[in-house]
Amino acid sequence: MIKLSPSLLATDFSNLTIPLSQCNSGEVSMIHIDVMDGNFVPNITMGPVVINGIRKATNLLLDVHLMINKPENFISDFIKVGSNLITFHVEATKNPFNLINQIKNEGLKCGITLKPSSDISLIEDYIEYVDLILIMSVEPGFGGQKFIPGMLDRIYYVKDMTNKLNSKPDISVDGDVKLSNAKQIIDAGANILVSGTGIFGTPDPVSTMKKFYMMGGK
Ligand code: DX5
Ligand code: ZN
């Protein structure tokens, strides 16, 4: 069963209730929220204050993608405002195990990710302790970029790594995911698709969400 996590980054921030209600109508599994600090990545987006507002406006699960240095300094704030799943970059912290424990001890799901240019071995020690592995298929920092072709092999590779584990984490893919490449990504082993432009850049986002589900069930 495929899950969809539409990225709010591709929406009009002057009225977030529109994409949130589209996500409701599209019966998505969760909403992807991109947090950038202008330091770990060359762009700044939103923080806990905005997530607090989003939390009040929807009951959908909040899938928070932290693209920030030293996430441990802010993690309690992101937990407090009602995040359901928090994914952090392995390159951004000195002690990933501490962070994984802190997130999971608070009853949240925890994901781990890395930049496309980072060696996949960086996450190997952690994959059996997380709920989700996020494979970035663009350099983090901006929506609307092109899928890096080599990342399809990375999905196959990670799927293979997780097959050896007793409890299998979700495999999510983020960056230029759209209807035209969704099948390839699912076939490679992903079960969660993050999509910003591929949904909100289309004329009818709700119908696009439904079409995504036709690619691999719900
Ligand atoms: C990139 C973000 C992505 C991005 C996806 O740094 O992590 O979640 O919003 O946007 P699209 O789907 O437009 O590539
Ligand atoms: Zn993201």
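Treat the count of other C-beta atoms within 10 Å as a stand-in for reagent exposure and order 78, 88 from fewest to most.
On the way: 78 24, 88 29.
In order of increasing Cβ crowding within 10 Å: 78, 88.
Of all trypsin sites (Lys or Arg not before Pro) in region 151-209, which ones are in loop regions per DSSP and have a Cβ with at most 16 other Cβ atoms within 10 Å?
Working: sites: 154, 159, 164, 178, 183; in loops: 164, 178.
Passing both the DSSP loop test and the Cβ count: 164.
For residue 11, what residues show an amide H to amide H distance below 5 Å, using hydrogens built from the backbone and excluding near sequence neighbours?
Under 5 Å from the amide H of residue 11 lies no amide H from a residue far enough along the sequence or on another chain.
What is the fewest-to-most order of 193, 60, 99 by other Cβ atoms lying within 10 Å of their Cβ?
Numbers: 193 28, 60 19, 99 23.
Listing 193, 60, 99 from fewest to most nearby Cβ atoms yields 60, 99, 193.
Which whole-Hz ³J(HN,Hα) couplings does region 133-145 yield from phi under the Karplus relation 6.51 cos²θ - 1.76 cosθ + 1.60, θ = phi - 60°, glycine and proline marked x?
These are the phi-based 3J(HN,Hα) values: 10, 9, 9, 7, 9, 9, 5, x, x, 8, x, x, 8 Hz.
Check which residues have an amide H placed less than 5 Å from residue 33's amide H, if you skip close sequence neighbours.
Sorted by chain and number, the residues that satisfy this are 63, 64, 65.
By how many nm would the segment from residue 98 to residue 74 lengthen if fully extended, with 0.36 nm per residue of separation less the alpha-carbon distance?
On the way: separation 24, 0.36 × 24 = 8.64 nm, distance 1.34 nm.
So the extension gain works out to 7.3 nm.
Charges only on Cβ, +1 for Lys and Arg, -1 for Asp and Glu: so what's the dipole of region 3-216 about the Cα centre, in debye to the nearest 20? Write out the running numbers ahead of the final one.
On the way: 18 positive and 22 negative charges, 78 e Å.
That gives region 3-216 a dipole magnitude of about 380 debye.
Where a number appears in this text, it was derived from the coordinates with a stated rule and is not lab data. Source: prediction; values computed, not measured. Neighbour counts are summed over all protein chains in view; Cβ atoms, including those assigned to glycine, are modelled from backbone coordinates with ideal geometry.
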